[in-house]
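What follows is a short report on a single structure.
The values are calculated or read from the model by the stated rules, or taken from the named source; none is laboratory data. Only a predicted model underlies this, so the values are computations on that prediction, with no experimental measurement involved. Here the Cβ positions follow ideal geometry from the backbone for every residue, glycine too, while neighbour counts run over all protein chains shown. The protein model used for the area step is the full one, side chains on, heavy atoms only, and it has no ligands, DNA or RNA in it. Shrake-Rupley method; radii C 1.70, N 1.55, O 1.52, S 1.80 Å.
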Amino acid sequence: MRPFAMLFLLLLGLVPSLSVQAEEVLRVLAWPGYADQDLVEAFEQRHRVRVQLSIVDSDDALWQRMGAGQGRDFDVFAVNTAELQRYIDEGIAAPVDFGRLPGTRKQLPVFRNPAAIPGLSRAGLVYGVPYTYAHMGLIYNRKLVQEAPDSIAALWDPRYQGQVLAFDGSSHNFSLAAMRLGLHPFRLRDRDWKPLVLQLVALRRNVLAFYSQPEEVVELFRTNPVALVFANYGGQQVRALRQAGADIGYVIPREGALAWLDCWVISSKTRRRELAEAWIDYMLEPQVSRRLSSHHGLANTLQGEWPGTEGGRIVWLEPVEDSERRGKLWERVISGDRPERLP
């Protein structure tokens, strides 16, 4: 065989491997239920890319994953408006241009006005695109709880010792304990830490387990006599439990229910800005965004009614006074540290 012919065949053999190496990858960090596999595959086919989807189950885990590389490890991620402030402070979140996201024009009016939503903007720049939201009330087992609970204090009720499920998250748990004591859930003072730590130790002793993902609650409900659940995922958990046949109710306690609004955010370190924008716009297409509600029991930003504050009973998350301190103390609480050893 002539030398030039051999070279031609060798080059042909390299073509497939070169195309694989050149395949563009969009790295997405999201929460359970935000991007179903078939929807991801449809996006991949449309844009001829591969989506590397990673799932997180707590704000603490999200911060660790994004902070480890200062945003370099992901192109686009989902985070609530209160936590978003940390990412702006650290230069991890990039401003977004609603003009480059035509899907935002299909959203409810409140979501088309970033200035109306605390936490989305800073110094005239918008950093997040609203995607889904929920309030975190109490789920109760009608077979074990005779009357619907009307207070957060039910999670500490000794009648339900070993029958309570709570969420494994530092910020939410400190805010929850603060609301029980009548304190500001996001502005703890120096004198507040000790009583709140004691409250969380008492909660630890009353719960069956601290869960991370919604499907864990379904499994624990199936295998244990669960009376109460702090519903971190709100309607998503209500829907999942009812689909599993659980006889449950859902209430907003008199102290109010914490609530979150999650947004899609572009990493400031991405080299795939246009593809990240395409992902966000795709997530706002009706057949995609409404999947949140039809399949997962979550609200979407295209239909429905924004709950506002419902007379003060909905407490939207705000940036907290010291995320790092909450995280470190929560790790010690959940690890079983004795109250006298905690600050």
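Values computed for the structure shown
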item	result
Segment 34-53, residues that are open to solvent by 20 Å² or more (accessible area, probe 1.4 Å), of a type outside the set (A, V, I, L, M, F, W, C) and more than 19 Å from Arg273 (Cβ to Cβ)	Asp36, Gln37, Asp38, Glu41, Gln45
Conditions (1) in contact with a strand residue (DSSP E or B) (Cβ under 7 Å, 6 or more places away or on another chain); (2) open to solvent by less than 30 Å² (accessible area, probe 1.4 Å): number failed by Asp192	(1)
Residue in segment 332-340 that is of a type outside the set (Lys, Arg), closer than 22 Å to Leu108 by Cα, touching a helix residue (DSSP H, G or I) at 6+ places or on another chain (Cβ under 8 Å) and open to solvent by less than 30 Å² (accessible area, probe 1.4 Å) present	no
Gln21 modelled with pLDDT under 95, open to solvent by 10 Å² or more (accessible area, probe 1.4 Å) and assigned to a loop (DSSP other than H, G, I, E, B)	no
Selection count, segment 110-153, where residues are under 28 Å from Val251 (Cα atoms) and more than 23 Å from the chain's Cα centre (by Cα)	12
Condition check for Asp157: open to solvent by 10 Å² or more (accessible area, probe 1.4 Å), in contact with a Lys or Arg (Cβ under 6 Å, 6 or more places away or on another chain) and more than 21 Å from Val218 (Cα to Cα)	no
Residue count, segment 276-305 (criterion: farther than 18 Å from Leu84 by Cβ and among the aromatic types (Phe, Trp, Tyr))	1
Boolean, Gly249 is open to solvent by less than 40 Å² (accessible area, probe 1.4 Å), over 19 Å from the mean Cα position of the chain (by Cα) and either basic (Lys, Arg) or farther than 17 Å from Ser58 by Cα (or both)	yes
Meets criteria (open to solvent by 10 Å² or more (accessible area, probe 1.4 Å), in contact (Cβ under 8 Å) with a residue 60 or more places away in the chain and not β-branched (Val, Ile, Thr)) for Pro109	no
Breaking point among (1) touching a helix residue (DSSP H, G or I) at 6+ places or on another chain (Cβ under 7 Å); (2) touching a residue at least 12 places away in the same chain (Cβ under 8 Å), for His184	(2)
Segment 80-91 residues that are over 16 Å from Gly169 (Cβ atoms), paired with ones that are among the polar types (S, T, N, Q) and at pLDDT 95 or above (beta carbon under 9 Å, 6 or more apart)	Tyr87/Ser267; Tyr87/Ser268; Gly91/Ser268
Residue among Gln64, Gln70, Gln107, Gln85 that alone is touching a Pro at 6+ places or on another chain (Cβ under 6 Å) and polar (S, T, N, Q)	Gln85
Condition check for Leu120: buried (at least 19 other Cβ atoms within 10 Å of the Cβ), closer than 18 Å to Phe230 by Cα and touching a residue at least 12 places away in the same chain (Cβ under 8 Å)	no
Some residue of segment 314-323 being over 30 Å from Val25 (Cα atoms) and over 18 Å from the mean Cα position of the chain (by Cα)	yes
Residue list for segment 272-323, filter: assigned to a loop (DSSP other than H, G, I, E, B), within 30 Å of Arg48 (Cβ to Cβ) and in contact (Cβ under 8 Å) with a residue 40 or more places away in the chain	Arg272, Leu284, Glu285, Leu298, Asn300, Thr301, Leu302
Residue under evaluation Ser171, criteria (1) surrounded by 19 or more Cβ atoms within 10 Å (Cβ to Cβ); (2) touching a strand residue (DSSP E or B) at 6+ places or on another chain (Cβ under 9 Å), criterion not met	(2)
Hey, Arg204 in contact with a His (Cβ under 8 Å, 6 or more places away or on another chain), open to solvent by 30 Å² or more (accessible area, probe 1.4 Å) and either under 30 Å from Pro114 (Cα atoms) or in contact (Cβ under 8 Å) with a residue 40 or more places away in the chain (or both) or not	no
